[in-house]
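Participant: This is the structure I have questions about; it appears just below.
The values are calculated or read from the model by the stated rules, or taken from the named source; none is laboratory data. Everything numeric here is computed off the predicted structure, so don't read it as measured data. Heads up, the Cβs are rebuilt from the backbone with ideal geometry, glycines too, and the neighbour counts pull from every protein chain shown.
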Amino acid sequence: TPERVFRTMYWVCLPSFVAGMTWFLWPAIDKPASWAVVGIMFAVTLTPRDPRGDVMLFLAGTSLGVFLEYWGTSRQCWTYYTHQVPPPIAVVAHGFAALAFNRVAQAVARRLNVDAPSLALPSQAPDSGSELEALPGAASAE
């Protein structure tokens, strides 16, 4: 089933990223900020909400990371200790960052008891009527 495929992709991609990023930042593991990053990565990875949405967001962020990292490193706006243009793990980090920011936004929305954008398919989302009806200024069918 598609759910099983996305769940498998989640448990392959995210732990692989966490292992790779931990290896990449290992030269600075003695810094408290590195400990915080590793802790955040484990927390995000070990709390999957919607494997399909999480994988899609991770892949979309990674796709954007290709362009952002190549642009920045090839123009020497920033550099990495590996001197790669760009390091592959930095590209994938954009996907993980997108997922982490989404998790924070969802947690804040739950805490404030407000609706947050969902990555669920329309058939999976709570039925609140037509999506067009929810848009500001949308014409009513009445």
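Participant: Within segment 31-48, identify whether any single residue is over 25 Å from ALA107 (Cα atoms), in a loop (DSSP other than H, G, I, E, B) and at pLDDT 95 or above, and answer yes or no.
Facilitator: Yes.
Participant: Return yes when GLU142 is farther than 22 Å from GLY20 by Cβ, modelled with pLDDT under 85 and not in a loop (DSSP other than H, G, I, E, B) and no when it is not.
Facilitator: Criteria not met by GLU142.
Participant: Among the residues of segment 23-50 satisfying the criterion of being hydroxyl-bearing (Ser, Thr, Tyr) and surrounded by 11 or more Cβ atoms within 10 Å (Cβ to Cβ), which is nearest to the chain's Cα centre (by Cα)?
Facilitator: My answer is THR45.
Participant: Looking at THR62, is it part of a helix (DSSP H, G or I), more than 14 Å from the chain's Cα centre (by Cα), at pLDDT 95 or above and not hydrophobic (A, V, I, L, M, F, W, C)?
Facilitator: No, not satisfied.
Per-residue answers, yes or no, for (1) over 15 Å from CYS13 (Cα atoms); (2) free of Cβ contacts under 8 Å to residues at least 40 places away in the same chain; (3) not β-branched (Val, Ile, Thr):
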| position | (1), (2), (3) |
| --- | --- |
| ASP50 | no, no, yes |
| ASP54 | no, no, yes |
| GLY61 | no, yes, yes |
| VAL66 | yes, yes, no |
| TRP71 | yes, yes, yes |
| TRP78 | yes, yes, yes |
| TYR81 | yes, no, yes |
| PRO87 | yes, no, yes |
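Participant: Do we have PRO88 as out of contact with any helix residue (DSSP H, G or I) (no Cβ under 6 Å at 6 or more places or on another chain), modelled with pLDDT under 95 and of a type outside the set (Gly, Ala, Ser) here?
Facilitator: It is false that PRO88 is out of contact with any helix residue (DSSP H, G or I) (no Cβ under 6 Å at 6 or more places or on another chain), modelled with pLDDT under 95 and of a type outside the set (Gly, Ala, Ser).
Participant: From the set of residues in segment 1-19 that are modelled with pLDDT of 95 or more and surrounded by fewer than 16 Cβ atoms within 10 Å (Cβ to Cβ), which is farthest from PHE96 (Cα to Cα)?
Facilitator: This residue is ARG4.
Participant: Residue check, ALA105 against (1) in a loop (DSSP other than H, G, I, E, B); (2) among the aliphatic types (A, V, I, L, M); (3) surrounded by 11 or more Cβ atoms within 10 Å (Cβ to Cβ); (4) at pLDDT 70 or above, all met but one. Which one?
Facilitator: Of (1) in a loop (DSSP other than H, G, I, E, B); (2) among the aliphatic types (A, V, I, L, M); (3) surrounded by 11 or more Cβ atoms within 10 Å (Cβ to Cβ); (4) at pLDDT 70 or above, only one is false for ALA105: (1).
Participant: Here's something else I'd like to know. What do you reckon, is GLY95 at pLDDT 90 or above, surrounded by 13 or more Cβ atoms within 10 Å (Cβ to Cβ), in contact with a Ser or Thr (Cβ under 7 Å, 6 or more places away or on another chain) and part of a helix (DSSP H, G or I)?
Facilitator: yes
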